[in-house]
Amino acid sequence: MTRFISVIGYPLKHSVSPDFQQAALDYYKLDIRYEAQEVKTSDLLSAIYRLRQPQNLGANITVPYKEETLHLIDEVDDFASMVGAVNTIVNRDGKLVGFNTDAYGFLRALRDDARFKPENKRVLVLGAGGAARAVCFALLQEGVGSLIIANRTMEKAISLASSLAEHAVNNKISTEIAAVPRQKSKLTEAIENCQLIVNCTSLGMKSSPHEEKSPLESNLITKGALVYDLVYNPIETPLLRIAREAGANTIGGLPMLVYQGAASFELWTDREAPLDIMLPAARQALIKIGG
Ligand code: ATR
């Protein structure tokens, strides 16, 4: 019987997950198809429900459903539950179990590709959605010195900062945590001496209404800082371009995308993810769609 794994999100036109996941499945000659399922909000419940059928091994969940999905499945692993967002579902005999592999992907790319050690560093995170939540909890667990969250909707930044602060107190983590509005004067203050700036907003994403936009102006970016953009299409986003021009170090979202996908692959198949197949397949797919 052919089995299926899907990526569920909306819109999904430019997803490269089907390309690099299928390449990994084919490498092991598995009779499994990885397919994109563009699902409207009104159809999310039935799409998740169908994952319980025996031919379905599970799914990746992407924008904008990572938070909502948490409430539609049967069991959530501890880390995903703490983050409040699920990006991977495994169908265990009709029971849907949710995981979050974004944090793992984010940290692996930070350490292995950008060669950045987060311990005791001062970090600014832009955004407060599902991706930002995974990134912030990952950074907190790595023991960053300060974590500042800036978001267009201030209440979401405050709510994320409160969850992080509660986790820090309960686990005796001494990270300083703050939420700031995205006004220039506040950002200028917050960004001072930051060694890492992470963009978790969708600004700069190709084919979005904000594809030309950077979440930060160039005069705010400090030379020598690391600017990490979770957006992977295009490979050089407007933020990464101005960061490079300002003398900052940069890393884009493609390695994180592949590492989070590799962790999901291992959950579905119990086999080691062939990264040397997945990374080039993702890069090629991105070139094909004009990234
Ligand atoms: P994801 O799962 O990728 O995090 P999300 O939960 O929809 O997706 O979060 C998107 C993030 O991008 C949010 O922080 C959002 O800000 P709001 O919380 O104010 O909505 C941010 N974002 C999206 N469009 C934006 C824009 N035009 N300007 C500034 N921030 C934007």
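The values are calculated or read from the model by the stated rules, or taken from the named source; none is laboratory data. Please read these numbers as outputs of a predicted model, since none were measured by experiment. Heads up, the Cβs are rebuilt from the backbone with ideal geometry, glycines too, and the neighbour counts pull from every protein chain shown. Keep in mind that these areas ignore ligands, DNA and RNA; they rest on the heavy atoms of the full protein, side chains included. Shrake-Rupley method; radii C 1.70, N 1.55, O 1.52, S 1.80 Å.
Residues are listed down the side, and each one gets a yes or a no for (1) at pLDDT 90 or above; (2) under 22 Å from the mean Cα position of the chain (by Cα); (3) over 11 Å from L124 (Cα atoms):
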| residue | (1), (2), (3) |
| --- | --- |
| A179 | yes, yes, no |
| Q183 | no, no, yes |
| A190 | yes, no, no |
| D229 | yes, yes, yes |
| T237 | yes, yes, yes |
| A246 | yes, no, yes |
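When we screen R283, R271 for residues that are within 22 Å of L25 (Cβ to Cβ), surrounded by fewer than 17 Cβ atoms within 10 Å (Cβ to Cβ), modelled with pLDDT of 95 or more and in contact with a helix residue (DSSP H, G or I) (Cβ under 8 Å, 6 or more places away or on another chain), the only hit is R271. The set of residues in the range 160-181 that are in contact with a strand residue (DSSP E or B) (Cβ under 7 Å, 6 or more places away or on another chain) and open to solvent by 80 Å² or more (accessible area, probe 1.4 Å) contains only E176. Considering (1) part of a helix (DSSP H, G or I); (2) surrounded by 15 or more Cβ atoms within 10 Å (Cβ to Cβ), the lone condition that S202 does not fulfil carries the number (1). For A157, state whether it is more than 16 Å from the ligand (Cβ to nearest atom), of a type in the set (A, V, I, L, M, F, W, C) and open to solvent by less than 20 Å² (accessible area, probe 1.4 Å). Criteria not met by A157. For the range 119-138, the set of residues classified as within 14 Å of the ligand (Cβ to nearest atom) and among the basic types (K, R) consists of R133 only. What about A150, is it more than 9 Å from the ligand (Cβ to nearest atom), crowded, with 23+ Cβ neighbours inside 10 Å and small (G, A, S)? Yes: the conditions hold for A150.
For the range 188-218, the set of residues classified as away from the ligand (no atom under 12 Å from the Cβ) and out of contact with any helix residue (DSSP H, G or I) (no Cβ under 9 Å at 6 or more places or on another chain) consists of E189, A190, E192, N193, C194, Q195, K206, S207, listed by residue number. Of everything listed in (1) surrounded by 20 or more Cβ atoms within 10 Å (Cβ to Cβ); (2) hydroxyl-bearing (S, T, Y); (3) assigned to a helix (DSSP H, G or I), the single unmet condition for Y228 is (3). Specify which of the listed residues (F106, F116) is within 16 Å of the ligand (Cβ to nearest atom) and among the aromatic types (F, W, Y). Only one candidate qualifies: F106. Filter the range 1-13 down to the residues that are open to solvent by 70 Å² or more (accessible area, probe 1.4 Å) and not in a strand (DSSP E or B), then identify the one that is nearest to L51 (Cα to Cα). The residue in question is M1.
Restricting A165, A131 to those that are without any contact (Cβ under 8 Å) to a residue 24 or more places away in the chain and not in a strand (DSSP E or B) reduces the list to A165.
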